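Taking it in order: structure first as structure tokens, then the write-up.
Every number here is computed from the coordinates shown, using simple stated rules; none is lab data. Only a predicted model underlies this, so the values are computations on that prediction, with no experimental measurement involved. As a convention, Cβ positions derive from the backbone with ideal geometry for all residues, glycine included, and neighbour counts pool all protein chains shown.
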């Protein structure tokens, strides 16, 4: 008996189902093939990218060598006694061991950056996944997945660019570092090389910069705040945005509590007593101009010495601070008279710069008015005029007439408006008589005066100066002017000013040491003695009486047109120093001249500078040379006769 046949509709349906299943299997096979191909291609591309990323992977040296890698250039400066006075470039303190620090200091950084530090192999997959999930939920990047080891690898070997290739290299280097170095040493390296903002590299420099204390004295609140900074050192710099840094530090405290590293009471106490930032470093105000001036020169002297230098300067810390305070006080007390800035330079024997102040406060203005500003010295230039006159044969007793005179279209006038008649050159210098200085310069020639001034160190005098040079109508800087006056102090011998005594590496290896240099004789000793006596008279009975401070001293005042600049430059047997008072816009000041504020500032500084020094005199100046005196008398008579009988056509008496 035959089986009954299924209905035709069922047959058709079964056939269709079979065909659909077959197509699905075919599509699935195609997708599986494509997926396999894509997976294989992805693996191959991944391998290629991995090999490409690691092709130039930096070589990781041994543990000891890691400390010297990629250190940013910086210079530590010491004074003449070897005491630290400041940094230029990134500041770093002494390398700290973990055992030197309170236990909560490294734990604060682990809480902020890498809580699983002691359990991963350099890369933390759990931390990466947690950071990715946190960022995904927030819709923005708020947590990174880099471990402390990866950050060390980035700091030592890689650029800060955010690329996949750099991340691959960072991970590979972190794994290598973990195999080479114990965990504690990696953490120590991190703490001592991390950038904390404000030019501070390392935990010690950061503690000193922000709190004015060594890292071993940090409180829990201070440690948490420092641990908050490496994430964004510029944005979170507490000197710029203290509240933002404080808010993140409290997150660090929360993490420390969650990990059980601090108690609830410790957390509450730290949160309730936020840290106080240290006041601005007063040393920057006192030493800033000196360090700016010395830094490029130090690099020139030691170009191959490595990124970190230790430089010993010729500066005397006490004199530098005294000079900075003298300028600050005098300017602040007289700002109502239009004096808003000042500068001071002091040279010890052989040209050693003992103090250099370029302004009232380096923190407000880094422009160095002692070396960068060029101003007219006015009558402070006159000693070079009279030194040239003595060299030409005149003497301090040579007579000239203070009277109205004109040289072509130029008619110099005295500051007080009156005229003294017949005076000696010594008296003309002491009283700063303009007409006599102009007459003398006309007689001996401004080119001859310029030549002597260049010999003394004033480099920028025009090659063909006019007669206004007699009154200092050209521009120079304070350092050069003091250098020129030191020739008088050193019996006619010139020394080049210098600031750097020695350069070494942090481990004490000497790189540069200044060789002693004998000063060059640029002016006759006998004539120099006469000039010193003439310049002593300026302080004893002339325009510089306010500079007197009870010791033998010589110098000269200077005030240019409309009282725009006030100068006093002078010296004792121990020290040569100069002061400038003025303002950056070269505006006229009210009743401010070289004989008052500048001389008073000079006296204030020199009084303090000589406190512990025995009194020395100029008694050992060479005696006058009779032959020189005889030649000078002959030249004086000849010049007087010439002036009476054969007056130059461009030299006529001005009408009263």
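From the square roots a ≥ b ≥ c of the eigenvalues of the alpha-carbon gyration tensor of region 260-345, which class results: rounded (a/c under 1.5), prolate (a/b over b/c), or oblate?
oblate
Give me the extension gain from residue 129 to residue 364: residue separation times 0.36 nm, minus the current Cα-Cα distance, reported in nm with one decimal.
Net length gain for the segment: 79.8 nm.
I need 158, 479, 69 ordered by Cβ neighbour count within 10 Å, fewest first. Please report the intermediate quantities before stating the final value.
On the way: 158 19, 479 22, 69 14.
Ordered from fewest to most neighbouring Cβ atoms within 10 Å, 158, 479, 69 come out as 69, 158, 479.
Tell me, 391, 170 in order of fewest to most beta-carbon neighbours within 10 Å?
Ranked by crowding around the Cβ, least crowded first: 391, 170.
With a ≥ b ≥ c the root eigenvalues of the C-alpha gyration tensor of region 90-272, is it rounded (a/c under 1.5), prolate (a/b larger than b/c) or oblate?
rounded
For a footprinting-style exposure proxy, rank 474, 512 by other Cβ within 10 Å, fewest first.
Ordered from fewest to most neighbouring Cβ atoms within 10 Å, 474, 512 come out as 512, 474.
Under the classification rounded if a/c is under 1.5, otherwise prolate if a/b is larger than b/c and oblate if not, where does region 491-600 fall, given a ≥ b ≥ c as square roots of the Cα gyration tensor eigenvalues?
oblate
So if we plug the beta-carbon distance of residue 268 and residue 83 into 1/(1 + (r/R0)^6) with R0 = 35 Å, what FRET efficiency do we get, rounded to 0.05?
Efficiency for this residue pair is about 0.25.
So for the pair residue 611, residue 276, with labels modelled 7 Å out along Cα→Cβ, what separation do we get in nm?
Simple spin-label model gives 2.8 nm for this pair.
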